[in-house]
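Below you'll find the structure, written out as structure tokens, and then a few comments.
The values are calculated or read from the model by the stated rules, or taken from the named source; none is laboratory data. Note that the structure is predicted; figures quoted are calculated from it, not measured. Here the Cβ positions follow ideal geometry from the backbone for every residue, glycine too, while neighbour counts run over all protein chains shown. Heads up: the accessible areas ignore ligands, DNA and RNA and are worked out on the full protein's heavy atoms, side chains in. Shrake-Rupley method; radii C 1.70, N 1.55, O 1.52, S 1.80 Å.
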Amino acid sequence: MSDIEPVGIAVLGAADIAWRRTVPAIRRCAGLRLEAVASRTPEKARAFADAFDCEAVTGYERLLAREDVAAVYIPLPNALHEEWAEAALRAGKHVLVEKSLTTSAAAATALVRTAETAGLAFMENFAFLGHPQHDRVRELIADGVIGEPQVVSASFGIPRADSGLIRYSRELAGGALRETGCYPVRLAQLHLGDGIGVLGARLRYDPDSGVDVSGSVLLADSAGLTAQCDFGLTHAYRNTYAVWGSEGRIEVDWAFTPPPTTRPVIRLHRADSREERVLPAADQFLGAVTTFAEACADPSGHRRHGTDAVRQATLLESVVRRAGAADPAGPSAVHDARSAHVPA
């Protein structure tokens, strides 16, 4: 990336995740150059811009019209991802959009098709994929350390918080599946093979907010390898996964949100031994935005990101269908959200 001119990128929405993790990583990425941030309120845009030494823009449309912006990062509420990702692509911008990408597989497919037709990079931001600990786990499995993989299990739960947060908003497509459940489902895809499908699912809904607050999903690939995914918004904090094989088990304690200074630990359990391997610390957000910068430089060579996004959206939609309940983040909720009060 050092021989390539950095891509001018802007942030569409002054969200907390952008402030805390993604934008600091963008500023450290050699392949990206932070140009501006847009908010619907001038005060938010100015505070963000002052903190990160970029320009403040009031209004998302004005940001997309800027010629110095070749790419945008979209950390808006889930219900607004489709609208503004499409607008950014139509404006000729590469797009990095926070998870969960959309509320339907059809919408994800349409966005990816638009990006490919325009020759633009398009990527859903699962930052944990930028951490090298997952590559190390896959290497150990490929080396036969635990024999033949049999079962993947992954959990991500967080404690109940202020009910006014976006994650508890039906209108903004909140809920446990798209807030925390999307992580174990995406993680399972690193270890399962082709033909992944949902064998079973259970979602529990909060009667007041109407959003799902916990759930479990059973996935399987065409070869019969299964993955058990558990998640929630009313749990003691936990984010972990394990791969259980014919000769042992690999466990990762801090799977999805390790701080950049934390040295992750991989635990190996076999019949006659237990071993801990401490890995170097890494900033997974820097890894993720670096991958996006590489995609911007060569969109046709990174189409896998679009394929991954469509597969993820398809699985989440199938989870809702399997759970036997109407999705609170369905088309009517998305329509309503466009006129709702949206923090930005």
Query raised in the report: Hey, can you rank 92-105, 245-258 by average C-beta count inside 10 Å, highest first?
Result: 92-105, 245-258
**Report entry** Tilt relative to the chain, helix 42-52 - C-alpha long axis, 0 to 90 degrees, to 10
**Finding:** 60 degrees
Query raised in the report: Given the chain, what percent of its DSSP beta bridges are antiparallel, to the nearest 5?
Result: 60 percent
Query raised in the report: Could you state the principal axis extents of the C-alpha atoms in segment 225-319, from the largest down, to the nearest angstrom?
Result: 47, 35, 32
Query raised in the report: Ignoring ligands, DNA and RNA, what accessible area per residue does segment 1-141 give at 1.4 Å, in Å²?
Result: 39 Å²
Requested in this report: Could you please tell me the mean projected area of the C-alpha convex hull for segment 1-40, averaged over all directions and given in square nanometres to one decimal?
Outcome: 2.7 nm²
**Report entry** Cα gyration tensor category, rounded, prolate or oblate, for segment 1-138 with a/c compared to 1.5
**Finding:** rounded
Query raised in the report: When the accessible area of the chain is split by element with a 1.4 Å probe, what percent falls to carbon and sulfur?
Result: 49 percent
Query raised in the report: Highest mean first, what order results for 155-161, 49-55 on Cβ atoms within 10 Å?
Result: 155-161, 49-55
Query raised in the report: Using +1 on the beta carbon of Lys and Arg, -1 on that of Asp and Glu, and nothing else charged, what's the dipole of the chain about the Cα centre, debye to 20?
Result: 420 debye
Report summary line: At R0 = 51 Å the Cβ-Cβ FRET efficiency linking Ala51 and Ser273, nearest 0.05, sits at 0.55
Query raised in the report: If you average 1/r over every pair of different alpha-carbon atoms in the chain and take one over that average, what Kirkwood value in Å do you get?
Result: 20.6 Å
